[in-house]
1. Rank these for me by crowding, Val56, Val143, going from fewest to most other beta carbons within 10 Å.
2. Label Arg98 and Ala163 with points 7 Å out from Cα along Cα→Cβ: what is the distance between them in nm?
3. Using only alpha-carbon positions, what ratio does the radius of gyration of the chain give when scaled by 2.2 N^0.38 Å?
4. For the chain, take the longest principal axis of its alpha carbons; what is the angle in degrees between that and the long axis of helix 162-185, to the nearest 10 within 0 to 90?
5. For the chain, the longest stretch holding no GluC sites (Glu not before Pro) located in a DSSP loop with at most 10 other Cβ atoms within 10 Å is which?
6. Hey, what angle do you get for helix 64-75 against the long axis of the chain, alpha-carbon based, 0 to 90 degrees rounded to 10?
7. Counting every Cα pair in region 119-197, what percent are over 14 Å apart?
8. Between Asp41 and Ser59, 0.36 nm times their residue separation minus their Cα-Cα distance comes to what?
Amino acid sequence: MLELVALISGAGSNLRALLEAAEDAEYPARVVAIGADRDADGLELGETFGIPTFSVPYSRFADRESWGAALSEQIRPWSPDLLVLSGLMRILPPSMVREFGPNIINTHPAYLPEFPGAHAVRDALAAGAAETGASVILVDDGVDSGPILAQERVPVLPGDTEARLHDRIKPVERRLLIGTILDIANGTIDLQELSRA
Ligand code: GAR
């Protein structure tokens, strides 16, 4: 059974889907704690699902490294098998990637390496792309630059707004995230090996 710590910044809709999947006794992963870099709405999922939460507000720290050190202190006692960045809108500092990597994965609302960064859906629309997508990646020191673990295309439709397109991407992200964690648990995906490649 994989023990996961999930990190979020927003509503946590992808996390909710993972928590629902993990209610199935046959699903080989459990979320043991939920953390956030702000007062994220998704922290309420902790109460709903009976999972401890913590918040380490980025705004209270002088720089990324000191924020990361405080966040690592919260994560460490859980000894997670995997950190899941499920809508965390921050880049982890290198010290965290060293400590918890290669067991850190991230979901992203684009078909990487297209449209990395914090505004992937907006950027795809602005570029006039006919299609974008969703990806789950292994986190390395770069910005959305790690090995791709799963991805799928999502078409951009006439009249799409950022919100409408994002709403169609998210269900794909959820399916990919749940499937990727299953593949990691059953050994189909080997994060150690991918991080060495
Ligand atoms: C998701 O689409 C996730 O991929 C994205 O934020 C959203 C969070 O939604 N993350 C990024 O853009 C990271 N660069 P949620 O809080 O409802 O799951």
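1. Working: Val56 20, Val143 10.
With the sparsest Cβ surroundings first, the list reads Val143, Val56.
2. 4.4 nm
3. Output field value: 0.98.
4. The angle comes out near 50 degrees.
5. 27-197
6. Around 60 degrees separate the two axes.
7. Roughly 65 percent, rounded to a whole number.
8. Working: separation 18, 0.36 × 18 = 6.48 nm, distance 1.68 nm.
This chain segment gains 4.8 nm when fully extended.
Throughout, read-outs are computed from the coordinates displayed, never taken from laboratory work. Keep in mind that this is a model prediction, so the values were computed, not measured. Note: ideal-geometry Cβ built from the backbone for every residue, glycine included; neighbour counts use all protein chains shown.
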